Protein chains: 2
Amino acid sequence: MLSKNEIKDIQSLCHKKHRDETQCFIAEGPKLVDEILKSDFEIVHVYALASYLQKHAGIKVPFTEISEKELERISALQTPHQVLLVAKQKQRSTTFAWQQNITLVLDGIQDPGNMGTIIRTADWFGIKQVVCTDDCVELYNPKVVQATMGSITRVDVWYEDVAELIAHAKIPVYGALLNGENVFDTHFEKQGILVIGNEGKGIREQIRQHINHPVTIPKIGDAESLNAGIAAGIIMGMMTRH
Amino acid sequence: MLSKNEIKDIQSLCHKKHRDETQCFIAEGPKLVDEILKSDFEIVHVYALASYLQKHAGIKVPFTEISEKELERISALQTPHQVLLVAKQKQRSTTFAWQQNITLVLDGIQDPGNMGTIIRTADWFGIKQVVCTDDCVELYNPKVVQATMGSITRVDVWYEDVAELIAHAKIPVYGALLNGENVFDTHFEKQGILVIGNEGKGIREQIRQHINHPVTIPKIGDAESLNAGIAAGIIMGMMTRH
């Protein structure tokens, strides 16, 4: 049985303010929870139905068996799914350095689904470093965590002063812009930065001025724009194809 | 002022049953509404704030000025945006035929955001025909309509017996499968079919057996899968790049 206070504490993790205060976040569903349990995230507590716990006998972290009704109350999902985990956000002990291969830079990505999907796609293409402007949606937003489908355990996501970092980068800076080189004909260096802009406004001037290789996904039909996640996916695919 | 019954009628269009009965659907926000007003969709009614109507003096369809409170009540969006339109679903008078260029086939796409984004991406790449299995999410679901960002006015979406159609197709059938040819090295014919499968289960056997050109987006990193919309976007880009 969960106490009222426990329920309130878990529910409060849907709000950034409480995530910041506690440095915790939630993740849900057996697939995602299993990946986080196997990762180096510090687990605070697992709340699970009996069916999940039966399959996870010998679970080595603090856990509570809960009812479906209780899960519905603490879940942030429309359709709760067996288990909810509370874990600690990662503390960083290193300073930022550009990776030897591709680093993805996100400028003002607002939609949590886009953000999570972009991190998942980066993980697919072996891109392990993503740097976000401070006004990107927060990594530990439950919708972002869910949309990463576990890639949150493998991709290193930084929130940094991107304009400042990029001004001093000594590697090629590619960016998704209008009137750039056709992305399907571009030769990409093995080490580089790819900048993807905000869903509506694109890449801000302070960052755009440092892009020395603008690339474009040619428009053949009539849609006004491509979704930021789709654009990121296509360019990441072309950058890592060798 | 909207009557209680008017409000109820509009709200009911969030449910498939009522959309089927009335053959109507809703679309919201000035950009999308403007595109539908310019298209050949039959408009039933526009419900708009004074601010929208001022910019659309001389609007030639039935309209009602409403308050922000009323818009909040009829809107399906978390953040209502100036205007909501009710239009008639398209009635089809022609029978299905494969297009001269690329036709996209969707097998059991469940997520409305994915569905709308895929239609928008097809539109970007000049793919004007999308054929869906009956168990794909419905085109006129409000979340699908919004996610198309206006491409619903330009892309022809069919719900058909896809396995039957594809069995008799005399053009190349490409499909996103594991262990196919590397999509970045594939030569695509100008006319063809691209099959994208369900988010979790992929492409069902009755359809998969007719795929004669399986293609794969190579996995370099560790994500278990790619989002269906991202996969569709990358392959559509490669198919239409000439």
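The values are calculated or read from the model by the stated rules, or taken from the named source; none is laboratory data. Everything quoted here is computed from the prediction, not taken from an experiment. Positions of Cβ are backbone-derived with ideal geometry, glycine not excepted, and every protein chain shown enters the neighbour counts. The accessibility values were calculated without ligands, DNA or RNA, using every heavy atom of the protein model including side chains. Shrake-Rupley method; radii C 1.70, N 1.55, O 1.52, S 1.80 Å.
Which residues, taken from the stretch B:123-136, are part of a loop (DSSP other than H, G, I, E, B) and either among the acidic types (Asp, Glu) or buried (at least 20 other Cβ atoms within 10 Å of the Cβ) (or both)?
Within the stretch B:123-136, the first condition is being part of a loop (DSSP other than H, G, I, E, B), and the residues that meet it are B:125-128, B:133-136.
Scanning the stretch B:123-136 gives B:Phe125, B:Ile127, B:Thr133, B:Asp134, B:Asp135, B:Cys136.
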Where a residue in the stretch A:12-29 is closer than 16 Å to A:Gln146 by Cβ and open to solvent by 20 Å² or more (accessible area, probe 1.4 Å) and its partner, wherever it lies, is in a helix (DSSP H, G or I) and of a type in the set (Asp, Glu), with Cβ under 7 Å and at least six apart: none
Tally the residues that are in a loop (DSSP other than H, G, I, E, B) and modelled with pLDDT of 95 or more, restricting the search to the stretch B:181-200. 7
Please list, ordered by first then second residue, the pairs with beta carbon atoms under 7 Å, 6 or more apart or interchain, first in the stretch B:139-166 and closer than 17 Å to B:Phe96 by Cα, second open to solvent by 30 Å² or more (accessible area, probe 1.4 Å) and in a helix (DSSP H, G or I). B:Ala163/B:Gln206
Scan A:Met149, A:Met115 and give me the residue that is of a type in the set (A, V, I, L, M), within 24 Å of A:Ile230 (Cβ to Cβ) and open to solvent by 10 Å² or more (accessible area, probe 1.4 Å). A:Met149
Quick one: in the stretch A:99-112, of everything that is over 9 Å from the mean Cα position of the chain (by Cα) and over 21 Å from A:Phe188 (Cβ atoms), which residue is most open to solvent (accessible area, probe 1.4 Å)? A:Gln110
The condition from (1) of a type in the set (Gly, Ala, Ser); (2) in a loop (DSSP other than H, G, I, E, B); (3) within 24 Å of A:Ala232 (Cα to Cα) that B:Gly113 misses is numbered (2)
Identity of the residue in the stretch B:198-218, in contact with a helix residue (DSSP H, G or I) (Cβ under 7 Å, 6 or more places away or on another chain) and closer than 24 Å to A:Arg241 by Cα, that ends up nearest to the other protein chains (Cβ to nearest Cβ): B:Ile217
Tally the residues that are more than 21 Å from B:Ile230 (Cα to Cα) and of a type in the set (Phe, Trp, Tyr), restricting the search to the stretch B:154-200. 2
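Quick one: count up the residues across the stretch B:204-216 that are outside any helix (DSSP H, G or I) and open to solvent by 10 Å² or more (accessible area, probe 1.4 Å).
Going residue by residue through the stretch B:204-216, those that are outside any helix (DSSP H, G or I) are B:204, B:209-216.
Of the ones still in play, those that are also open to solvent by 10 Å² or more (accessible area, probe 1.4 Å) are B:204, B:209-214, B:216.
Residues flagged as outside any helix (DSSP H, G or I) and open to solvent by 10 Å² or more (accessible area, probe 1.4 Å) within the stretch B:204-216 amount to 8.
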Please state which of the following conditions A:Lys16 fails to meet, knowing it meets all the rest: (1) at pLDDT below 95; (2) under 20 Å from A:Val137 (Cβ atoms). (1)
Condition first: within 21 Å of A:Asp34 (Cα to Cα), assigned to a helix (DSSP H, G or I) and open to solvent by 10 Å² or more (accessible area, probe 1.4 Å). Can you find one or more residues in the stretch A:81-91 that meet it? no
Go through (1) more than 10 Å from chain A (Cβ to nearest Cβ); (2) in a helix (DSSP H, G or I); (3) in contact with a Pro (Cβ under 8 Å, 6 or more places away or on another chain); (4) open to solvent by less than 30 Å² (accessible area, probe 1.4 Å) one by one and return the number of the condition B:Lys143 breaks. (4)
For the stretch A:217-237 the number of residues that are out of contact with any Asp or Glu (no Cβ under 7 Å at 6 or more places or on another chain) and open to solvent by 10 Å² or more (accessible area, probe 1.4 Å) is 9
Within the group A:Val137, A:Val155, which residue is aliphatic (A, V, I, L, M) and within 12 Å of another protein chain (Cβ to nearest Cβ)? A:Val155
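Kindly evaluate A:Glu224 against the criterion of being out of contact with any Phe, Trp or Tyr (no Cβ under 7 Å at 6 or more places or on another chain), outside any helix (DSSP H, G or I) and more than 14 Å from chain B (Cβ to nearest Cβ).
On the way: out of contact with any Phe, Trp or Tyr (no Cβ under 7 Å at 6 or more places or on another chain): yes; outside any helix (DSSP H, G or I): yes; more than 14 Å from chain B (Cβ to nearest Cβ): no.
No: the conditions fail for A:Glu224.
Among A:Gln82, A:Gln91, which is on the phi < 0 side of the Ramachandran plot, more than 11 Å from the chain's Cα centre (by Cα) and more than 12 Å from chain B (Cβ to nearest Cβ)? Outline the logic, then answer.
Details: A:Gln82 fails: on the phi < 0 side of the Ramachandran plot.
Just a single option satisfies the conditions, and that option is A:Gln91.
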Subset of the stretch A:18-38 [assigned to a helix (DSSP H, G or I) and more than 15 Å from the chain's Cα centre (by Cα)]: A:His18, A:Arg19, A:Asp20, A:Glu21, A:Thr22, A:Pro30, A:Lys31, A:Val33, A:Asp34, A:Leu37, A:Lys38
Could you look through the stretch B:41-66, keep only residues that are in contact (Cβ under 8 Å) with a residue 40 or more places away in the chain and part of a loop (DSSP other than H, G, I, E, B), and pick out the one that is surrounded by the fewest Cβ atoms within 10 Å (Cβ to Cβ)? B:Glu42
For the stretch A:123-134, enumerate the residues that are within 12 Å of another protein chain (Cβ to nearest Cβ) and not aliphatic (A, V, I, L, M). A:Asp123, A:Trp124, A:Phe125, A:Gly126, A:Lys128, A:Gln129
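If we scan the stretch A:67-74, do we find a residue that is surrounded by fewer than 19 Cβ atoms within 10 Å (Cβ to Cβ), of a type outside the set (D, E, K, R) and closer than 22 Å to B:Gly221 by Cβ? Quick ask: steps written out before the conclusion?
Let us first name the residues in the stretch A:67-74 that are surrounded by fewer than 19 Cβ atoms within 10 Å (Cβ to Cβ), namely A:67-69, A:72-73.
Within this subset, residues satisfying the condition of being of a type outside the set (D, E, K, R) are A:67.
Checking which are closer than 22 Å to B:Gly221 by Cβ leaves us with none.
Within the stretch A:67-74 (the criterion being surrounded by fewer than 19 Cβ atoms within 10 Å (Cβ to Cβ), of a type outside the set (D, E, K, R) and closer than 22 Å to B:Gly221 by Cβ), the answer is no, since none of the residues qualifies.
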Selection count where residues are in contact with a Phe, Trp or Tyr (Cβ under 7 Å, 6 or more places away or on another chain) and either closer than 25 Å to B:Gly150 by Cα or surrounded by 22 or more Cβ atoms within 10 Å (Cβ to Cβ) (or both), scope the stretch A:175-194: 2
